[in-house]
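These notes are about the structure you will find just below.
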Amino acid sequence: MTYHLPAGRAAADAPYAVDVTPESAGWGYSGLRVVNLPPGGSHRFDSGESEWIVLPLSGGCTVSTADDFGRDTFELTGRDSVFDGVTDFAYVPRDARTTVTSAGGGRFALTGARCTRRLPARYGPASSVPVELRGTGSCSRQVNNFGAAGVFECDRLIAVEVLTPGGNWSSFPPHKHDEHRPGEESVLEEIYYFEFADHDGTPGLGYQRVSPSGQGRGTDVLAEVRDGDVVLIPDGWHGPSMAVPGHHMYYLNVMAGPEPERAWLICDHPDHAWIRDTWSGRPVDPRLPLYTAPERSA
């Protein structure tokens, strides 16, 4: 099994630039699609057994979804790029037929998870997305918790965005979530999808490490990652995610698993867990936040 999928390697037939399914990943729940639409373009998909969040990476769109319970349409303002602002999004339930249409064109992520409950289609405003600053110093990063457990209701899907300033380390200390330990650790399959800010036209890059934890498949990855790359994490200690100096790094995390409780419960690597104790009272990287969520309208 190859866990690092360079840009294009995880593609399917057009229009998907990324198409990771539970079948292609060899696991049970998590999925991710990235679709590129030209101006005036549209894409139709069936939810099947999965719930989905339509998340603009660049551009805005209209999301129309219908099932046996009715029809809903959501206008997503979107954003210019993942480095420019928090975006609004739309939740699409399982067993629905959905069309994404973009007047101006753009790139849109479909984050998915196999589920059993049907929840109603909903709009997620950008103003409701909690923006978290995590870590300090060179471990500082920004987390946009649009689809985090406890923030936005889903059956199994957990999804967040992480922005790491150039030269910083994210996903550190290395952590895992591949054992069922009630109240301490949950089993979650995870997908990382990467984008990078360029510098004067020079593309960015970074590095991703996953090391075996003694569970599951013994996943072992040390990969140079670039725009559009995907890393699959069925198990193992994951981190650090390293952004080279001069290029901010973005990654979209998609997680789901078999746990009865939808929760992100992690275990830090015992060799590196001490680093968290050094963060108290120390400043966050002054470059953060790269942006904040818009204020809620009155």
Pick from 70, 60, 31: which is in contact (Cβ under 8 Å) with a residue 24 or more places away in the chain and farther than 26 Å from residue 209 by Cα?
60
Do we have any residue at all in the range 177-186 that's of a type outside the set (A, V, I, L, M, F, W, C) and under 17 Å from the mean Cα position of the chain (by Cα)?
yes
Please go through the range 150-161 and pick out each residue that is in contact (Cβ under 8 Å) with a residue 24 or more places away in the chain and either in contact with a Pro (Cβ under 7 Å, 6 or more places away or on another chain) or surrounded by 20 or more Cβ atoms within 10 Å (Cβ to Cβ) (or both).
152, 154, 156, 157, 158, 159, 160, 161
Cβ pairs under 9 Å, 6+ apart, first in the range 264-283 and small (Gly, Ala, Ser) and at pLDDT below 95, second surrounded by 13 or more Cβ atoms within 10 Å (Cβ to Cβ) and assigned to a loop (DSSP other than H, G, I, E, B)
280/136; 281/136
Show the residue pairs that are 6+ apart or on different chains and have beta-carbon atoms under 6 Å apart, the first residue being within the range 182-208 and among the hydroxyl-bearing types (Ser, Thr, Tyr), the second being outside any strand (DSSP E or B).
186/177; 186/259; 186/263; 186/265
Of the listed residues (122, 118, 94), the one being buried (at least 21 other Cβ atoms within 10 Å of the Cβ), more than 15 Å from residue 34 (Cα to Cα) and of a type outside the set (Ser, Thr, Tyr) is 94
What single numbered condition from (1) over 27 Å from residue 108 (Cα atoms); (2) touching a residue at least 40 places away in the same chain (Cβ under 8 Å) fails to hold for residue 251?
(1)
Quick one: count up the residues across the range 26-42 that are assigned to a loop (DSSP other than H, G, I, E, B) and within 17 Å of the chain's Cα centre (by Cα).
1
Filter pass, residue 289 being out of contact with any strand residue (DSSP E or B) (no Cβ under 8 Å at 6 or more places or on another chain), part of a loop (DSSP other than H, G, I, E, B) and not aliphatic (A, V, I, L, M):
no
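The values are calculated or read from the model by the stated rules, or taken from the named source; none is laboratory data. As the structure is a computational prediction, the values presented were derived from the model and not from experiment. Quick reminder, even Gly has a Cβ in these numbers, built from the backbone with ideal geometry, and neighbours come from all protein chains shown.
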